Amino acid sequence: MNEILLNSLKEERERLGLTQAALAERAGVSRKTINTVENGVFVPSTILALKLAAVLDRPVEALFRISA
């Protein structure tokens, strides 16, 4: 089974008017990390996913979902 982690990080970030750099600063990571997560290149750790959800004021399940 090939599962893929999909995300709506970019849409939620843009909804709040944040740049990748601004989100990265608030989450304590690099802008490149945000970029790679948004593009599905990097699967975030549970800790990072929870931090991003907190910064974006959304439940983690609203940001990330599994697709087969």
**Message:** Pull out all pairs, ordered by first then second residue, where Cβ-Cβ is under 6 Å, the residues are six or more apart or on different chains, the first lies in the range 41-68 and is within 21 Å of residue 25 (Cβ to Cβ), and the second is among the basic types (Lys, Arg) and in a helix (DSSP H, G or I).
**Reply:** 55/26
**Asked** What residue, among those in the range 1-33 that are in a helix (DSSP H, G or I) and touching a Lys or Arg at 6+ places or on another chain (Cβ under 8 Å), is nearest to residue 57 (Cα to Cα)?
**Response** 12
**Request:** Identify all residues within the range 44-68 that are part of a loop (DSSP other than H, G, I, E, B) and at pLDDT 95 or above; write none if there are none.
**Result:** 44, 45, 57, 58, 59
**Close pairs from the range 1-21: first on the phi > 0 side of the Ramachandran plot, partner at pLDDT 95 or above and loosely packed, with under 11 Cβ neighbours inside 10 Å, Cβ under 9 Å, at least 6 apart** = none
**Asked** Can you name every residue in the range 49-61 that is surrounded by 12 or more Cβ atoms within 10 Å (Cβ to Cβ) and either closer than 13 Å to residue 13 by Cα or charged (D, E, K, R) (or both)?
**Response** 51, 52, 53, 54, 55, 56, 58
**Request:** Among the numbered conditions (1) in contact with a strand residue (DSSP E or B) (Cβ under 7 Å, 6 or more places away or on another chain); (2) buried (at least 16 other Cβ atoms within 10 Å of the Cβ), tell me where residue 6 comes up short.
**Result:** (2)
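The values are calculated or read from the model by the stated rules, or taken from the named source; none is laboratory data. All values reported here derive from a predicted model rather than from experimental measurement. So basically every Cβ, Gly included, is an ideal-geometry build from the backbone, and we count neighbours across all protein chains shown.
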